[in-house]
Amino acid sequence: MNSDFKIQHRETALITGAASGIGYELMQIFAQNQYNLVLVDRNQQKLSEIADELPNKFGISVKTIVKDLSVSLAAKEIFTEVNHSSIKIDVLVNNAGFGNYGLFNETDLNAELEMMQVNMVSLTHLTKLFLKQMVKQGKGKILNVASTAAFQPGPLMAVYFATKAYIFSFSQRSLMN
Ligand SMILES: NC(=O)c1ccc[n+]([C@@H]2O[C@H](COP(=O)([O-])OP(=O)(O)OC[C@H]3O[C@@H](n4cnc5c(N)ncnc54)[C@H](OP(=O)(O)O)[C@@H]3O)[C@@H](O)[C@H]2O)c1
């Protein structure tokens, strides 16, 4: 891990769910645009591979935080770890999220409670903590990844669609007023 965050006068983006999928692609774009990166995911092995590769490839600093966002204290612990490392976050990307599929009376409640924690609660918690800091800094950007699922209820994915509607509604009022 390259941890020269302070001596490089670059902006830093924190991306959740950065080890694969959309988060991974966003991470590549931020790296190409010379952002230092704080990458959060529960997949330790994939994060380590990324942290080994990116600094040399793009000349940026990368910090990885292995964290399960379905755990209620995860957002607070991420915020604390970032501050202990004296890293200033300029862009927060709340990307981590997942869904499940099936009749609501048959699907796994624990999976849905975890989904609500990751998609809504940790996203809201991280937004609250970093937004306050960004307001103090006088600048900052937050991208909350929702979905077209935000715009209507979804058959066999009732909870997932509802979480995405929450993200869309919450982001409109918390980030745009
Ligand atoms: N793919 C689509 O078509 C689509 C469309 C609209 C919106 N979205 C939204 O875009 C976002 C990313 O989706 P994606 O398709 O790129 O998902 P993905 O390929 O499953 O990647 C999500 C990443 O987040 C991580 N993650 C999941 N749960 C986590 C947790 N509890 N704590 C920490 N990390 C966790 C995953 O780790 P693991 O590999 O360990 O699970 C994975 O690395 C989600 O919010 C999704 O709802 C996706």
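For the range 2-56, which residues satisfy the criterion of being in a helix (DSSP H, G or I), among the small types (Gly, Ala, Ser) and within 16 Å of the ligand (Cβ to nearest atom)?
Residues satisfying the conditions are GLY21, GLY23, SER48, ALA51.
Results for (1) within 16 Å of the ligand (Cβ to nearest atom); (2) within 20 Å of ASN43 (Cα to Cα); (3) among the polar types (S, T, N, Q); (4) in contact with a strand residue (DSSP E or B) (Cβ under 8 Å, 6 or more places away or on another chain), shown as yes or no for each residue.
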| site | (1), (2), (3), (4) |
| --- | --- |
| THR64 | yes, yes, yes, yes |
| LYS67 | yes, yes, no, yes |
| PHE79 | yes, yes, no, no |
| ILE89 | no, no, no, yes |
| ALA111 | yes, yes, no, no |
| LEU129 | no, no, no, no |
| GLN133 | no, no, yes, no |
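VAL40 passes all but one of (1) within 24 Å of ASN144 (Cβ to Cβ); (2) modelled with pLDDT under 95; which number fails?
Single failed check for VAL40: (2).
Tell me, yes or no, whether the range 116-137 has at least one residue that is on the phi < 0 side of the Ramachandran plot, of a type outside the set (S, T, N, Q) and in contact with a Lys or Arg (Cβ under 6 Å, 6 or more places away or on another chain).
Let us first name the residues in the range 116-137 that are on the phi < 0 side of the Ramachandran plot, namely 116-137.
Okay, now just the ones that are also of a type outside the set (S, T, N, Q), so 116, 118, 120-121, 123, 125-126, 128-132, 134-136.
Remaining after also requiring in contact with a Lys or Arg (Cβ under 6 Å, 6 or more places away or on another chain): none.
Among the residues of the range 116-137, not one is on the phi < 0 side of the Ramachandran plot, of a type outside the set (S, T, N, Q) and in contact with a Lys or Arg (Cβ under 6 Å, 6 or more places away or on another chain), which makes the answer no.
The values are calculated or read from the model by the stated rules, or taken from the named source; none is laboratory data. Since the model is a prediction, treat every value here as computed from it, not as a measurement. Cβ sites come from the backbone with ideal geometry, for glycine too, and all protein chains shown count toward neighbours.
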